[in-house]
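Structure, as structure tokens:
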Amino acid sequence: MEYSPKQIEQKWQTFWSENKSFEPEDNTKKEKKYILSMFPYPSGRIHMGHVRNYCLGDAFARYFRKADFNVLHPIGWDSFGMPAENAAIKHKLHPKKWTYENIDYMRDELRALGLSFSEEREFATSDELYTKWEQEFIIKMYEAGLLYKKSTTVNWCEPCHTVLANEQVEEGCCWRCNTPVEQKEMPGYYIAITKYAQELLDDLKILEGSWPSQVLTMQENWIGRSEGLEFSLELSKDSRFKLDKQFSTFDVFTTRPDTIYGMSYSALAPEHPIVKYIVENNLLPEEKILAIKAMQKVSERDRATQDKEGLSLEIDVIHPLTGELIPVWVANFVLVSYGGGAVMAVPAHDERDFEFAKKYDLPIKQVIVGKDGILENQTEAYTQEGELINSESFTGLKNTKAKKAMIYHFEQNSLGKKQINYKLRDWGVSRQRYWGAPIPFVHCDDCGLVPEKIENLPIALPEDVEITGKGNPLDTHEWRKCACPKCGKEATRETDTLDTFVQSSWYFLRYATNPKLWQKEGISKKDSDYWMNVDQYIGGIEHAILHLLYSRFFTKALNDLGYTDSREPFKKLLTQGMVLKDGAKMSKSKGNVVDPDLIIEKYGADTARLFILFAAPPTKELEWNDSAVEGAFKFIKKFVQRSEYVTSKSIEEFKNIEQSSLNKEEKEARRKVYEALKRADDVFNKTYTFNTLIAGAMEALNALQTQNNELIWAEGYYILTNILEPIIPHTCWELADKLFNRSNFNSKIQVKEEVFELDSITIAVTINGKKRCEVEVAPDTSKDEILALAKESANKWLDGKEIIKEIVVPNKLVNLVIKG
């Protein structure tokens, strides 16, 4: 049989589509598997990262279908977002037209790979029906207190007239027009993800062993739970007067209450209310005001990479335990988003505080000593454990015990309280752009902020807009005008649209809903109860924090709102490595992109699939190799050609092979085939090392060629066709159709343990660790018999030597230790 990839692949792709081969069954009594790869952004063309991601997911889906599971394996499009607006400006195309044309093109590209997606469940997140149900969730979240509006400082680009996400700020400038970005206070919508911070942290334990440990650690660090002491620092009398009696105290949070006697200054964030009041009322010399304003213009993220900078605010607070006056500074390293934007600074025991104190010649007071005692002229902060000194009645305590003692003292004397804080911040979901899901709220002069009526959803985008990059076109469009859903008077629609992370945070629940119900339900609870959670999720490590965290939050929130019984979305997670060429990530700018279409055109989709799964374990980076692609093609060609050894007579009879009647070569070939089958089960359920699965199949094919038994050939080929179908499906369906009437795709092949029962085993004989010979023995041969045979076979190396030690490693080797 000749291998003609183009002809074979077209034939089976047409067959699968016409026969709806990959649609899940409406049978909730059958055991299910939900296999999901992170959906793509429709940028215009697929790349090798897409190929790797979707071939991995497809292999899982095909394997579990063959194991008689009800498999849901969907695909869709994460289709809102800024790139479509950029393309609209560049190509003078409407974002919707650009997006949906790309979807059509990329769908054909994915289909050409033979991916077994459900066609009926495909959708784009920019579909109005998707927006309708998402807007309902947003309204329900608002009513439940999970979404609110507030003013906060944002990255603002004046020429583009838009807010920028942190990742859109490059070296302090707008990624699109390269203008320096300002920090501006603006109203926006926020999802209260912090209400779920502890549960999001606790439930990471559920995922241990099923998610990569590095992902769990990244999530844990992002949530950033810390326990400590929260207390107020009282402003001195002079300072209160200087601030026009507008402030008397401010709160600080510390995870190191054991060091409180070492506080030598306090530092406020540039956005702290006291600092803003000082600037707005010019309560400092002009040069200081200008310096603070410059600091305020820099985003928190950029400030984190800058040198420590600050200046004295010329006010003081009173130390809560000693009564000393403590100077207050503004510092760029203090974040307004954490701990209230104020810190007690203990330079002797904090590296950041130490660096700042050294720069501005502020006092450094040691209050914890280690084995080396008091440090004269400290050159760095002492952050190890030790005993307290210079701490009044707490002196002499181990600092670990002093933490609890200090919190107890503050609580007993109503000075402060134990507090748990998180680095996690509420999720800002407002975006000042056109191509996104409209936020379903109305602004009414009489009623204030009013949610749209559910029956009026979806609030769809107007299509007659021009994208110029200068602000949000919704702000000036007639679309804004509407009637208040509450009082009926003239009102205006919210023109902000939702962050695209919102769409990708619940799409897996949408897939789980039967398309017949999409007009009536955004999420079918009945379907969700059956399909969720996703059994195997596959995607890039770059999504290890935000996408996964937001998806976990959304699942919990929608559970609380009654949409699903699931509280964690993904049972198992596989994070695939990047595809590299010449040691670098493929990118157009580097000129090292490999076009999947060209590979498919030259070698066929199955070659692309085999290479991408064989070249490296999926969690590792994959280096593109042209010769390895050629090698994958040659293996498939060889595999197809070997079908000539499978006769029609042997196909009928191979299921009745008698193991005891086989010779050594036949048994060895059969064992290699079943080892490959066992390995396949292990790969799909535990290890994910598809490269070892393919290597096992290659070894088995080579072993089959060492013997001439037609029945062994037929059985082996039948099993290998089954094993390789998830990897090279077109080829295997063609072979199965011609040889086995496709019967090997109806059920899972059972491993026959009898093939692993050996007639004999070969044991290496080593002398002083150096291999000298081998002996062949029956599996039940005793240790004494093995030693006797080993000594006999190794006699010429043992002649006249004294054996001082005899070691037998069962089924592997004998080591004889001799003198001299």
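The values are calculated or read from the model by the stated rules, or taken from the named source; none is laboratory data. What you are looking at is a predicted structure, and each value in this text was computed from that prediction instead of being measured. In this analysis, Cβ positions are derived from the backbone assuming ideal geometry, glycine residues included, and neighbour counts consider all displayed protein chains.
For segment 747-754, the criterion of being of a type in the set (Lys, Arg), part of a strand (DSSP E or B) and surrounded by 15 or more Cβ atoms within 10 Å (Cβ to Cβ) is satisfied by no residue at all. Residue-level check: of (1) in contact with a strand residue (DSSP E or B) (Cβ under 9 Å, 6 or more places away or on another chain); (2) among the hydroxyl-bearing types (Ser, Thr, Tyr); (3) free of Cβ contacts under 8 Å to residues at least 12 places away in the same chain, residue 661 misses just (1). Cβ separations smaller than 6 Å between residues 6+ apart or across chains give the following pairs from segment 512-525 residues that are within 17 Å of residue 555 (Cβ to Cβ) to residues that are part of a helix (DSSP H, G or I) and among the acidic types (Asp, Glu): 512/527; 513/527.
Selection of segment 635-651 for residues being loosely packed, with under 12 Cβ neighbours inside 10 Å and within 30 Å of residue 610 (Cβ to Cβ) yields 644, 648. Residues in segment 168-196 that are in contact with a helix residue (DSSP H, G or I) (Cβ under 7 Å, 6 or more places away or on another chain) and among the small types (Gly, Ala, Ser): 172 alone.
With the requirement that a residue be more than 18 Å from residue 437 (Cα to Cα), among the hydrophobic types (A, V, I, L, M, F, W, C) and assigned to a loop (DSSP other than H, G, I, E, B), what does segment 503-517 give you? Across segment 503-517, the qualifying residue is only 512.
Within segment 646-693, the set of residues being of a type in the set (Phe, Trp, Tyr) and either in a loop (DSSP other than H, G, I, E, B) or in the same structural domain as residue 56 (by TED's automatic domain parsing) (or both) comprises 688 only.
Among the residues of this structure, residue 669 does not count as one that is in contact (Cβ under 8 Å) with a residue 12 or more places away in the chain, farther than 19 Å from residue 59 by Cα, touching a Lys or Arg at 6+ places or on another chain (Cβ under 9 Å) and of a type outside the set (S, T, N, Q). For residue 601, indicate whether it is surrounded by fewer than 20 Cβ atoms within 10 Å (Cβ to Cβ), in contact with a strand residue (DSSP E or B) (Cβ under 6 Å, 6 or more places away or on another chain) and not hydrophobic (A, V, I, L, M, F, W, C). Considered against the rule, which asks whether it is surrounded by fewer than 20 Cβ atoms within 10 Å (Cβ to Cβ), in contact with a strand residue (DSSP E or B) (Cβ under 6 Å, 6 or more places away or on another chain) and not hydrophobic (A, V, I, L, M, F, W, C), residue 601 comes out as no.
Would you mind finding the one in 512, 491 that is of a type in the set (Gly, Ala, Ser) and under 30 Å from residue 471 (Cβ atoms)?
Details: 512 fails: under 30 Å from residue 471 (Cβ atoms).
Among 512, 491, only 491 is of a type in the set (Gly, Ala, Ser) and under 30 Å from residue 471 (Cβ atoms).
Against the test of being touching a helix residue (DSSP H, G or I) at 6+ places or on another chain (Cβ under 7 Å) and not polar (S, T, N, Q), the options 298, 279 yield a single qualifying residue, 279. The requirement of being hydrophobic (A, V, I, L, M, F, W, C) and either more than 26 Å from residue 388 (Cβ to Cβ) or touching a Cys at 6+ places or on another chain (Cβ under 8 Å) (or both) is fulfilled somewhere in segment 334-357, by at least one residue.
For residue 438, the requirement of being in contact with a Ser or Thr (Cβ under 7 Å, 6 or more places away or on another chain), assigned by TED's automatic domain parsing to the domain that holds residue 152 and closer than 18 Å to residue 187 by Cα is met. Looking at the structure I just gave you, is residue 631 buried (at least 20 other Cβ atoms within 10 Å of the Cβ) and over 30 Å from the mean Cα position of the chain (by Cα)? No: the conditions fail for residue 631. Checking segment 784-803 against the condition returns a match, with at least one residue being modelled with pLDDT of 90 or more and assigned to a strand (DSSP E or B). For residue 555, indicate whether it is among the polar types (S, T, N, Q) and within 30 Å of residue 443 (Cβ to Cβ). No. Residues that are closer than 18 Å to residue 251 by Cα and at pLDDT 95 or above are absent from segment 367-375 altogether.
Only one of the listed residues (686, 637, 678, 672) is within 30 Å of residue 594 (Cβ to Cβ), among the charged types (D, E, K, R) and under 45 Å from the mean Cα position of the chain (by Cα). That residue is 637. Selection of helices (runs of 4 or more DSSP H) fully inside segment 1-99 by the criterion of at least 3 residues being closer than 21 Å to residue 511 by Cα and either in the same structural domain as residue 735 (by TED's automatic domain parsing) or among the small types (Gly, Ala, Ser) (or both) returns 48-66. If you filter segment 571-595 down to residues that are part of a strand (DSSP E or B) and in contact (Cβ under 8 Å) with a residue 60 or more places away in the chain, you find that the one that is farthest from the chain's Cα centre (by Cα) is 579.
Selection of segment 420-462 for residues being touching a Leu at 6+ places or on another chain (Cβ under 8 Å), at pLDDT 95 or above and not in a loop (DSSP other than H, G, I, E, B) yields 438, 441, 442, 443.
Inside segment 471-502, can you point out the residues that are out of contact with any Leu (no Cβ under 9 Å at 6 or more places or on another chain), assigned to a loop (DSSP other than H, G, I, E, B) and within 25 Å of residue 130 (Cβ to Cβ)?
Of segment 471-502, the ones out of contact with any Leu (no Cβ under 9 Å at 6 or more places or on another chain) are 471-473, 475-478, 481-492, 498-500, 502.
Checking which are assigned to a loop (DSSP other than H, G, I, E, B) leaves us with 471-472, 477, 484-489, 499.
Of everything in segment 471-502, those that are out of contact with any Leu (no Cβ under 9 Å at 6 or more places or on another chain), assigned to a loop (DSSP other than H, G, I, E, B) and within 25 Å of residue 130 (Cβ to Cβ) turn out to be 472, 477, 485, 499.
Selection within segment 328-366: residues that are more than 25 Å from residue 399 (Cβ to Cβ) and touching a strand residue (DSSP E or B) at 6+ places or on another chain (Cβ under 8 Å). The member of this set that is modelled with the lowest pLDDT is 336.
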